[in-house]
Amino acid sequence: MTEESAALYVVPTPLGNLADLTRRAEEILRSVPWIAAEDTRHSGPLLKQLGARGRTMPAHRHNEQEAAARIVDKLLAGESVALVSDAGTPGISDPGARIVAAVRAAGGRVVPLPGPCAVTTALSASGLLDEQFLFYGFLPAKAGQRRQALEALRQQPCALVFYEAPHRVLETVDDMAAVFGERTLVIARELTKLFETVHALPLVEALAWLKADPNRQRGEFVLMVSGAADEADSGEGERVLKLLLADGLPVKQAAKLAAQITGAAKNALYDRALALRKA
Ligand code: SAM
């Protein structure tokens, strides 16, 4: 396939508010001969409203490999395909990655369109000051595996971003508090929709806050937890760090030793040590 050949367009669609569809997305959806949709019935009304004339084909988690082969065939025949999921950006906790990989492997052209995505929408309103973030997507549904996954993230110095379903939000927040302790949690619910809320609170208070009003447990969620650097403010790591600094150890060595002794994140302690030295 050449640069001028047909393309697979990866097209984000609104999370809730239809006005969030970009003009470019509209143009592509109107003009391509094929639209591969996670759920053709779900995307139907949007495509109809746009006056899209292309034919739809299913491309969901259970037929992704087959759909990929079909899409590659279309591209080889010179016909472009737009890929959409039910909401947001395909491939982000949604089907799409296998299709993109197959098209790329066949030397096809993949054109990504920027647009709605719950991760970035939620983070932009979170107020979290972490300079980096780690997007995890959905945690395992089983309690033991979920705890294990959270444990593995405990030392990460960046903000952690999760997707969660309403029927699991209470148990997930409970586990997060048990594993992460004193951090900030930002709960972004129903983004771009009527009951949109973005609420920041101490993680250890979050379960009670959610339980206080059943409406707070409804809808779609992005959960954002501040990074391990937060822990260094008040935890054991900081206590040991201060003792070592007071003993005259250089910043780097004090951070390294405090991390080894307490298990706290070294980078976070290093930043904290620099701040303490400047203070
Ligand atoms: N591909 C999508 C994206 O780009 O964000 C995500 C698809 S994933 C199957 C669905 C999850 O995304 C939901 O369970 C929720 O965690 C999050 N999500 C989607 N829409 C949302 C919204 N309006 N408000 C908050 N979270 C949302």
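Throughout, read-outs are computed from the coordinates displayed, never taken from laboratory work. All values reported here derive from a predicted model rather than from experimental measurement. All Cβ positions, glycine included, derive from the backbone under ideal geometry; neighbour counts span all protein chains shown.
Ordered by the number of other Cβ atoms lying within 10 Å of each residue's own Cβ, fewest first, LYS252, LYS48 fall into the sequence LYS48, LYS252.
Within the same chain, aspartates and glutamates fewer than 8 places from LYS252 are excluded, and of the rest, those with a Cα less than 13 Å from its Cα are ASP271. Here the 3J(HN,Hα) profile of segment 251-266, calculated from phi with Karplus coefficients 6.51, -1.76 and 1.60 at θ = phi - 60°, is 3, 4, 5, 4, 5, 5, 5, 4, 5, 5, 6, 9, x, 6, 5, 5 Hz, Gly and Pro shown as x. Note that segment 157-197 shows a convex hull volume over its alpha carbon atoms of 84 Å³ per residue. The calculated FRET efficiency for ASP174 paired with ARG30, based on their beta-carbon distance and R0 = 45 Å, is about 0.45. With kT/(6 pi eta Rh) evaluated at 10 °C and eta = 1.306 mPa s, and Rh the Kirkwood radius from Cα pairs, the chain diffuses with a coefficient of 75 µm²/s according to Stokes-Einstein. Based on C-alpha pairs under 8 angstrom that are at least 6 apart in sequence, segment 17-149 has a relative contact order of 23 percent. Once the Cβ-Cβ distance of GLN253 and ARG218 is raised to the sixth power relative to R0 = 45 Å, the FRET efficiency obtained is 0.35.
The fraction of all Cα pairs in segment 148-279 landing in successive 10 Å bins from 0 to the largest distance is 13, 39, 25, 16, 7, 1, given as whole percents.
Across segment 268-273, computed HN-Hα scalar couplings (Karplus, 6.51 cos²θ - 1.76 cosθ + 1.60, θ = phi - 60°) run 5, 5, 4, 4, 5, 4 Hz from first to last residue, x flagging Gly and Pro. Relative to the Cα centre, the charge distribution of segment 124-225, modelled as +1 at Lys and Arg Cβ and -1 at Asp and Glu Cβ, gives a dipole magnitude of about 260 debye.
Largest first, the extents of the alpha carbon coordinates of segment 43-194 on the three principal axes equal 56, 34, 31 Å.
Extending 7 Å from the Cα toward the beta-carbon at both LEU276 and ALA101 defines two label points whose distance is 4.5 nm.
Remark on ARG109: its backbone amide H falls under 5 Å from those of LEU8, a criterion applied only to residues 5 or more positions apart or on other chains, H modelled at 1.01 Å from N.
Computed over Cα pairs, the Kirkwood radius of segment 56-105 leads via Stokes-Einstein (0.692 mPa s, 37 °C) to a diffusion coefficient of 301 µm² per second. Dividing the mean sequence gap of close Cα pairs (under 8 Å, 6+ apart) by how many residues the chain holds gives a relative contact order of 17 percent. Modelled spin-label separation between TRP209 and ARG154, with each label point placed 7 Å from Cα along the Cα-to-Cβ direction: 2.3 nm.
The 3J(HN,Hα) values that the Karplus relation (6.51, -1.76, 1.60; θ = phi - 60°) gives for segment 87-93 are, in residue order, 7, x, 9, x, x, 9, 6 Hz. Gly and Pro appear as x.
Here ALA141 and LYS242 are evaluated by their C-beta separation; at R0 = 41 Å the FRET efficiency comes out at 0.50. Between segment 16-74 and segment 255-272, the alpha-carbon centres lie 49 Å apart. Under 5 Å between amide hydrogens, built in the peptide plane, is the criterion, and for ALA36 it picks out MET57, ALA82, LEU83, VAL84 among residues at least 5 positions away or on other chains. Residues considered: LEU129, LEU185, LEU223. Largest GNM mean-square fluctuation over the chain, using C-alpha springs under 10 Å, is found at LEU129. Ordered by the number of other Cβ atoms lying within 10 Å of each residue's own Cβ, fewest first, TRP209, TRP34 fall into the sequence TRP209, TRP34. This model, with +1 at the C-beta of Lys and Arg and -1 at the C-beta of Asp and Glu, gives the chain a dipole about its Cα centre of some 260 debye. The label point for ILE261 and the one for PHE195, both projected 7 Å from the Cα toward the Cβ, are 4.9 nm apart.
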